[in-house]
Amino acid sequence: MKGIFIKNMSLVLSLVTVMSFGVSQSAQAATNANTIPSKATAGTNIKYDNNNNMVILNGNISSTSINSSLPKPQPGMTVSYDGTGEPTFIKINGKAYSNKLNTKNGTLSPSYRNGSYSNSGAISWYDDQIGQGNHTLTNYDCATDEYADNCPLGTNIYVASSGNYFQLKKWDVGNLQAQSTPRIIDIWSAYEFSYLLDVSANQGLVRNASYSHY
């Protein structure tokens with residue numbers, strides 16, 4: 001009986017070792033991918049440490065499929081996925097990642113008139129912590145598109161959507177127009193998105209909105 005027990009225990013330990021090795025290899029493959037993950041649950045935030053290992057700060061990665069339009073991971077990179085789970089906010093050591101080759105600038109039609117800027121389209125939300133200028137993001141903060149409207153920090157943003165009117169402040173930028181549905185702005189936090197637009201945060205996106213600023 002003792003010999004059988006030892007043999008069975010050896011088999012169990014061997015299986016655990018193989019399973020652990022498989023999990024490790026899988027995690028390693030995801031970490032060392034050629035691009036950042038293309039999809040995650042809404043509001044997910046990840047970062048890459050000094051060894052370029054991916055650290056999930058909150059949320060879950062739902063797809064590690066390769067998307068050649070997305071950048072390759074590098075130490076100090078952070079990625080915030082918005083209300084639709086797309087990697088809208090990419091920063092390196094706190095500064096917005098610039099990739100003008102991956103933008104749909106011009107798919108929306110901004111208007112400049114008498115010193116004012118306006119645009120219409122979709123709005124989503126995100127849940128990053130630090131915006132431009134090392135600003136700690138809080139209620140009534142928002143992000144504009146990095147290329148179409150990188151207006152000064154603290155600019156008052158006037159939003160209208162389905163009978164809802166409110167004012168935000170611009171404290172961040174993202175590659176909003178490069179997403180599957182181009183956005184005009186992203187509102188900070190799921191709660192503010194839901195409260196201000198009177199919709200469920202699970203909706204992820206509100207269409208036919210507009211905003212303006214001076």
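The values are calculated or read from the model by the stated rules, or taken from the named source; none is laboratory data. If you're wondering where the values come from, they're calculated on a predicted model, not measured in any experiment. No Cβ is skipped: glycine too gets one built from the backbone with ideal geometry, and neighbour counts run over all protein chains shown. Quick note on the areas: whole protein, heavy atoms, side chains included, nothing else; ligands and nucleic acids left out. Shrake-Rupley method; radii C 1.70, N 1.55, O 1.52, S 1.80 Å.
Ser63 meets all of the listed conditions (1) surrounded by 15 or more Cβ atoms within 10 Å (Cβ to Cβ); (2) modelled with pLDDT of 80 or more but one, namely (1). For His213, the conditions (1) open to solvent by less than 20 Å² (accessible area, probe 1.4 Å); (2) out of contact with any Asp or Glu (no Cβ under 7 Å at 6 or more places or on another chain); (3) within 19 Å of Asp82 (Cα to Cα) all hold with the exception of (3). From the list Gly115, Gly163, Gly133, the one residue that fits, being open to solvent by 20 Å² or more (accessible area, probe 1.4 Å), at positive phi and free of Cβ contacts under 8 Å to residues at least 12 places away in the same chain, is Gly163. I'd like the full set of residues that are free of Cβ contacts under 8 Å to residues at least 12 places away in the same chain and in a helix (DSSP H, G or I), limited to region 195-214. Listed by number, the list holds a single entry, Tyr195. From the list Ala40, Ala30, the lone residue that is out of contact with any Lys or Arg (no Cβ under 7 Å at 6 or more places or on another chain), at pLDDT below 50 and closer than 28 Å to Ala190 by Cβ is Ala30. Total residues in region 177-194 satisfying the condition of being within 17 Å of Ile90 (Cβ to Cβ) and assigned to a loop (DSSP other than H, G, I, E, B): the figure is 3. When region 142-160 is limited to residues that are open to solvent by 10 Å² or more (accessible area, probe 1.4 Å) and in a strand (DSSP E or B), the one that is nearest to Ile90 (Cα to Cα) turns out to be Asn156.
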